[in-house]
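Input: a single structure, listed below in C-alpha cells.
Just so it is clear, none of the values below were taken in a lab; they were calculated from the coordinates. Worth saying up front: this structure is predicted, and the values here are computed from it rather than measured. No Cβ is skipped: glycine too gets one built from the backbone with ideal geometry, and neighbour counts run over all protein chains shown.
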Amino acid sequence: MKTDLSKVFSISGEQGLFTYVAKATRGVILESMITKKRMCASPDAKMSALSDISIFSVDGEVKLREVFEKMKKELADKEAPAGKSDPKVLKDFFGKAFAEYDPDRFYVSHMKKVVEWYNALKQYASLDFEAVEKEDSESKATKTITGDSKKSSAKSAEAKQGKGAKGASKAAAPAKSNVPRKVIA
C-alpha cells in the first residue's frame with residue numbers, strides 16, 4: 001500500500017506521526033501511527049502535512065518526499081540513524097543522502113525530525129509514495145483563485161450599492177442596549 005504524504009501529519013508538541021482519519025465538527029480526527037490511538041486535533045493545533053514540508057537546499061527548496069526517496073536510495077533496506085544520534089553522524093548521513101542541503105538553514109534539529117519521520121514511515125507505513133498530481137493541484141488552485149476573485153468582486157459591488165454588512169453605514173446601525181443579554185447554554 002502506498003503512503004499519501006498529504007494525509008500524514010506532524011503535530012507540534014506531540015511525538016510521532018499521525019494519519020488523517022476524518023473531519024470532525026471541531027477539527028480533524030487523527031490516528032497515531034505508533035500507538036494507533038485516535039485523537040481530535042483542534043483547528044488551532046500546529047499541524048503540518050508531510051507533503052507541505054520542504055527542506056532548504058543550496059538551489060532553493062526540495063520537497064520532503066524527494067528527500068525521503070534519496071534517503072531510501074542511500075539506505076536500501078537499512079534504517080536511518082536514530083534521531084538521538086550524534087550531530088556529526090546526522091550531518092555525515094545527510095552529506096551522503098542529500099548532499100545539496102543548505103548547512104546554514106537546515107539545522108541538526110531538522111535532521112533529527114526528518115530521520116525520525118523516515119524511520120516511523122518505514123516501520124509503520126510504506127516508503128512507496130503516491131504519485132503527485134501537479135495538474136490537479138494547479139487546476140484546483142486556479143479555480144480557487146478565480147472563485148475567490150468572483151466572490152470578492154461581488155462583495156465590492158454590494159458594498160458600493162450600500163448592501164451587505166460592510167456597505168452599511170455606522171449611523172444606520174441600532175444603538176447598543178445596556179440590558180444584559182440572556183445566555184442560553
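Please state the relative contact order of region 5-49 as a whole percent: Cα pairs under 8 Å, 6+ residues apart?
37 percent
At 7 Å along the Cα-to-beta-carbon direction for both LYS23 and GLU61, put a label point, then send me their distance in nm to one decimal.
Here the modelled spin labels are 2.5 nm apart.
Report, as a whole number in µm² per second, the diffusion coefficient that Stokes-Einstein gives for region 1-83 at 20 °C and 1.002 mPa s using the Kirkwood radius over alpha carbon pairs.
Using the Kirkwood radius from Cα pairs, D works out to 150 µm²/s.
Please compute the length gained on full extension between ASP86 and ASN119, using 0.36 nm multiplied by the number of residues separating them and subtracting their Cα-Cα distance.
Stretched out fully, the ASP86 to ASN119 stretch lengthens by 10.2 nm.
Just want the ordering: ARG26, ARG105, from fewest to most Cβ atoms lying within 10 Å of their own Cβ.
Ranking ARG26, ARG105 by Cβ neighbours within 10 Å, fewest first, gives ARG26, ARG105.
Can you list, bin by bin at 10 Å, the percent of alpha carbon pairs in region 51-124, starting at 0?
P(r) over region 51-124, rounded to whole percents: 20, 61, 19, 0.
Scan region 63-100 for trypsin sites (Lys or Arg not before Pro) in coil per DSSP, keeping those whose Cβ has at most 12 other Cβ atoms within 10 Å, and list them by number. Before the final figure, lay out the partial values.
Values: sites: LYS63, ARG65, LYS70, LYS72, LYS73, LYS78, LYS84, LYS88, LYS91, LYS96; in loops: LYS78, LYS84.
When the trypsin sites (Lys or Arg not before Pro) of region 63-100 are filtered for loop state and at most 12 Cβ neighbours within 10 Å, LYS78, LYS84 remain.
Over region 51-124, what is the relative contact order in whole percent, taking alpha-carbon pairs under 8 Å and six or more residues apart?
Worked out over region 51-124, it gives 35 percent.
Just order 111-119, 40-48 by mean Cβ neighbour count inside 10 Å, highest at the front, would you?
111-119, 40-48
Of LYS63/LYS122; LYS36/LYS84; LYS73/LYS112; LYS78/LYS112, which pairs sit farther than 21 Å apart, going by alpha carbon to alpha carbon?
Flagged as over cut-off: LYS36/LYS84.
Given an 8 Å cut-off on Cα distances and at least 6 residues of separation, report the relative contact order of region 1-119 as a percent.
Once divided by the residue count of region 1-119, the mean separation gives 20 percent.
Work out, step by step, the length gained on full extension between VAL108 and ASP52: first 0.36 nm times the residue separation, then minus their alpha carbon distance; give nm to one decimal.
So the chain would gain 18.2 nm between VAL108 and ASP52.
Say the dipole of region 5-49 comes from +1 at the beta carbon of Lys and Arg and -1 at that of Asp and Glu; which of VAL8, ALA49, THR25 then lies farthest toward its positive end?
Checking the options against the dipole of region 5-49, the answer is THR25.
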